[in-house]
Protein chains: 2
Amino acid sequence: MLDQSTICAISTSPGIGAIAVIRLSGEKAINITNQVFKSPAENKKLIDQKANTLHFGQLVSKKEIIDEVIVALFKAPNSFTGENIVEISCHGSVFIQQKILELLVENGARMARPGEFTQRAFMNGKMDLSQAEAVADVIASSNAASHRLALNQMRGGFSKEIKNLRDQLLHFTAMIELELDFSEEDVEFADRSALKNLTEQIELLLGKLKDSFQLGNAIKNGIPVAIVGETNVGKSTLLNVLLNEDKAIVSEIHGTTRDVIEDVINIQGTAFRFFDTAGIRKTTETIESLGIERSYSKLEQAQIVLLVLDLANPVELMLSRLEKIKNRINNQELIIVGNKADIGGNEKIKELTSEIVLNDKEDLVFISAKAKYNIESLIQLLKEKSHIDEIASQDVIVTNARHYEILKNAHEAIERVSKGLDEGITGDFLAQDIRECLHYLGEITGEINTEEVLGHIFKFFCIGK
Amino acid sequence: MLDQSTICAISTSPGIGAIAVIRLSGEKAINITNQVFKSPAENKKLIDQKANTLHFGQLVSKKEIIDEVIVALFKAPNSFTGENIVEISCHGSVFIQQKILELLVENGARMARPGEFTQRAFMNGKMDLSQAEAVADVIASSNAASHRLALNQMRGGFSKEIKNLRDQLLHFTAMIELELDFSEEDVEFADRSALKNLTEQIELLLGKLKDSFQLGNAIKNGIPVAIVGETNVGKSTLLNVLLNEDKAIVSEIHGTTRDVIEDVINIQGTAFRFFDTAGIRKTTETIESLGIERSYSKLEQAQIVLLVLDLANPVELMLSRLEKIKNRINNQELIIVGNKADIGGNEKIKELTSEIVLNDKEDLVFISAKAKYNIESLIQLLKEKSHIDEIASQDVIVTNARHYEILKNAHEAIERVSKGLDEGITGDFLAQDIRECLHYLGEITGEINTEEVLGHIFKFFCIGK
């Protein structure tokens, strides 16, 4: 199943840089590089060099010097892939990078497929599948919270949890299957009440893991925040002010529907994905003309709803807006933002504060986006309602959609076991459901894998990893 | 003069990649990295490790793991900069790259300025100034010809030539100055006819180098080819066909004037910069309406003029176009392209061939851009007229505008020496001009440099080199 060829790829970001790194992996990685490498030291050959060493020299193609490079040698099995690895640091011109790849291919390497280095690391037992998947997440993560999750998973945090569950289940199934061997004797090796106990524990844990996906996904892609309110209440200004808080990466994602615009903003290490449900920042239409139904149709996707009110408006109008929104939201956190506090006047602030009765999922804050007044309080509320600190304290968070799907299946299987125990079904039926659960969990770590699954996982990697 | 601080920068292309490399240089490069590096092997410290070795471990900030990395150690003076260098290979997320930079800066490194690594290599005597300048050219080169020139210069080809000249001049000036010491005795240590001989040699060589700049510049930025002809003769189709020959990098450069459009096309390793003098590909105006003066106003910038004729037109009309163009060009190579050869008919091809008398700078070729007929012949002509092979066989080509300016000055100074010798001026005047020439040549290699010159040179580098 494991392809024995030596693969090569540009591993650094495409484009021009001071340097670029081209990576080879495979049995012949060092031999192939050796064929095209010329050291200034006479008679020095790469194949004679120790592992984990660096060598300066030239890459030469038919006597023409392609570049002056530094070559790094890693030897099997002590490398990322578990195979021989050569990393060539060259000058970062696109031309040189292409030339070197051509040279390596001419000399017996082949171009790597996306993620093929990591796939080989998995195949050679250097990491399990969930760790390999996390490598891509580590590279893609753009904020502190998602980075921490991905790195933890890459280092095996998630795998440990799954392996634990699997071990318990294996014990379980062994006992049941022992019973089946002695089925004519009607013995019970597996104490049913102890089993029931264990099943419930596993059910709880799988459920917790499964449920963590929503939060994990939010961390990975940004906590979804719906920003709602009339035109001209200052939503754009507010978003711009929050954007300025962001000293790191900013990106704009265009939603799948044309009328939802998303801004991912990192606020103090956590990504928030703000979306304007009515998309009124892009059109000149008002919420009214779009219809209240449509404008709030994306609300259910939000974890936090940010209602922006214009304190210049009459209090009754603001209260009616709030009422409408409250009728629309289900379980979400709500932050009521009184904007233009600098011109709205203290009277209205007092009146609103006394009129609005807040439940434990609601908060009221007065700011001025334009004057940048009290923005810190709003950010504080956003961070609290993101539950990012609770999440960070949790051991394991599921961030991967594939894992979520599998956990859902595993959870269903273990629920059937639990129900079966209650109904006193026979051991062979129990064993079947347990084995199904075991199978699913094995799919996460890669103990059970198919080429199709692997192909699907690694095709989303970048080339060179 | 040399800043002793330890500098750091991301050296690979900005953006997300499988891996990224962060580079430190300076006395404390290894110490700083050691402070934040944790090896899985207990008690293993980076500061105890040998030069040119690789080490796997974690970068840790206040007990939090930032990433798992490979650290490469180089020790002074055997490194690119001549200082201690550490190269950290990390996962290529933008977030991680930023985090690691922050961590290094917190621990005593400072962000490098553009080109500062190479500047340090120059300051520490690892390369002369013209070699250092060539590093940027190597990184920027996007075709085989310019790459070869830049790499040759980086490896010292140009410097050798300049050093040679300087040595000869130094001998020269020593003799003259010896005369000045004995001026009252009216001796001639420097044989004037031998000096005249040497001066002429140097004059010739400097002139050759100076003149090579036009070609060098053409190789670096593409051989300038003016493509002229009426609308609808097939110029766009021809450019597209040539573009398809290009398997590598294609870019479109918008000229400084709105009516000149440039396409840089790599043809078999050489860049050609095609420009349509009338810009008629962008407008619907004809050459006639723009006025013949304006349409051909850029012709003098071309090394090669490509006149495209439509064989569907009457022969007289084509001959008159050719006549007009011939009156416009001075010294350039001319390729007369009879297009639409597939529909133009053999009669016209015969007639044109017999009517047109070609001099040694002119060629006639019949093609069909649409049918892709005989394009190879046209490419062959372009390559011949680019003189790229002659250039490649030449030892040294000047590609750098700063060098060109200096060579021009040096050439003028040596011309004054030659003239002075003819006119029998006194030794002290001769010596002054020779010293001026020496000074200029020293500016190329950096033996004579000012902070201003250095600042100007390195500010165009990318950060991390």
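The values are calculated or read from the model by the stated rules, or taken from the named source; none is laboratory data. This is a predicted model, so every value here is computed, not measured. Methodologically, a virtual Cβ is constructed for each residue, glycine included, from the backbone with ideal geometry; neighbour enumeration extends over all protein chains shown. For the accessible areas, the whole protein counts, side chains as well, though only heavy atoms, and no ligand, DNA or RNA atoms are used. Shrake-Rupley method; radii C 1.70, N 1.55, O 1.52, S 1.80 Å.
So, counting K/R as plus one and D/E as minus one, what does the shell of residues with Cβ under 10 Å around residue B:273 add up to? Each step should come with its number before you reach the end.
Details: positive: none; negative: B:262, B:263.
Within the 10 Å Cβ shell, the charges total -2.
Exceeding 30 Å between C-alpha atoms, which entries from my cross-link table qualify? They are A:385/A:408; A:465/B:44; B:235/B:348; A:370/B:62; A:383/B:38. Let's see the in-between values first.
Working: A:385/A:408 26 Å; A:465/B:44 28 Å; B:235/B:348 20 Å; A:370/B:62 37 Å; A:383/B:38 32 Å.
Beyond 30 Å between Cα atoms: A:370/B:62; A:383/B:38.
Could you work out the Kirkwood radius for the range B:77-228, taking every pair of different alpha carbons, averaging 1/r and inverting it, reported in Å?
20.0
Considering every residue in A:4-13, what mean count of other chain Cβ atoms within 10 Å of its Cβ is obtained?
4
So for A:372, B:160, B:220, what's the accessible-area order with a 1.4 Å probe, most first?
My answer, sorted largest first, is B:160, A:372, B:220.
Provide an ascending nm list, one decimal, of label-point separations from residue A:429 to the equivalent residue in each further copy; define each label point as 7 Å from Cα along Cα→Cβ.
11.8
Counting DSSP beta bridges with both partners in chain A, what percentage is antiparallel, nearest 5?
65
Using a 7 Å offset from Cα along the direction of the beta-carbon, what are the separations from residue A:319 to the same position in each other copy, nm, ascending?
For residue A:319, the inter-copy label distances come out at 9.7 nm.
Which distances in nm, rounded to one decimal and ordered from shortest, link the label point of residue A:125 to the equivalent label points in the other identical copies, with labels set 7 Å from Cα toward Cβ?
Its label point is 5.4 nm from the equivalent points in the other copies.
Which order do the peptides B:443-456, B:139-152, B:26-39, A:324-337 take when ranked by the mean count of other beta-carbon atoms within 10 Å per residue, highest first? Before the final figure, lay out the partial values.
Details: B:443-456: 15.4, B:139-152: 23.4, B:26-39: 20.9, A:324-337: 17.1.
Peptide ranking by packing, descending: B:139-152, B:26-39, A:324-337, B:443-456.
Across peptide B:452-464, what mean number of C-beta atoms from other chains lies inside 10 Å of a residue's C-beta?
1
So, R0 is 22 Å and r is the distance between the beta-carbons of residue B:45 and residue A:44; what FRET efficiency does that work out to, to 0.05?
For residue B:45 and residue A:44, the calculated efficiency is 0.20.
Hey, could you grab the Kirkwood Rh for the protein assembly as shown? Inverse mean 1/r over distinct alpha carbon pairs, Å, one decimal.
33.8
Can you work out the base-10 log of I(q)/I(0) for the range B:79-156 at q = 0.11, 0.27 1/Å, using the Debye formula on its C-alpha atoms alone?
Taken in order of the listed q values, log10 I(q)/I(0) reads -0.40, -1.15.
Return the calculated 222 nm mean residue ellipticity for chain A, to the nearest 500 deg cm²/dmol, obtained by summing -39500 (n - 2.57) across DSSP H runs with n ≥ 4 and dividing by the residue count. Let's see the in-between values first.
Details: 18 runs with 222 residues, N = 465.
Dividing the helical sum by the residues of chain A leaves -15000 deg cm²/dmol.
Averaged over all directions, how much area does the convex hull of the C-alpha atoms of the range A:7-112 cover when projected, in nm²?
6.1
Could you order B:426, A:53 so the one with the most accessible surface comes first? Probe is 1.4 Å. Numbers along the way, then the final one.
Details: B:426 75, A:53 25 Å².
Descending order: B:426, A:53.
What list of ³J(HN,Hα) couplings, whole Hz, do you get for the range B:331-345 from phi and the Karplus terms 6.51, -1.76, 1.60, once you set θ to phi - 60° and write x for glycine and proline?
Along the range B:331-345, the couplings run 10, 6, 6, 10, 10, 8, 10, x, 9, 6, 4, 6, 10, x, x Hz.
Could you quote the convex hull projected area for the range B:317-465, Cα atoms only and averaged over all directions, in nm²?
Directional mean of the projected Cα hull area for the range B:317-465 stands at 16.3 nm².
What is the log10 of I(q)/I(0) for the range B:137-215, computed with the Debye formula using one identical point scatterer on each Cα and no solvent, at q = 0.18 Å⁻¹?
-0.82
Please report the antiparallel percentage of the DSSP beta bridges confined to the protein assembly as shown, to the nearest 5.
Here the antiparallel bridges make up roughly 65 percent for the protein assembly as shown.
What figure in square angstrom, to the nearest 10, would you give for the accessible area of residue B:373 with a 1.4 Å probe?
That residue has around 120 Å² of solvent-accessible surface.
Any idea what % of Cα-Cα pairs in the range B:298-400 are farther than 17 Å?
56
Rg and Dmax in Å for the range B:21-61, alpha carbons only: what are they?
10.0, 27
Hey, got the average number of other protein chain Cβ atoms within 10 angstrom for residues in A:38-46?
0
Return the Cα extents of chain A along principal axes one, two and three, sorted largest first, each rounded to a whole Å.
87, 78, 34
What's the local net charge at residue A:445, with K and R +1, D and E -1, over the other residues with C-beta under 11 Å away?
Computed value for this residue: -2.
Can you list residues whose amide H is under 5 Å from residue B:110's amide H, if they're 5+ apart or on another chain and H is modeled 1.01 Å from N?
Correct list: B:6, B:7, B:8.
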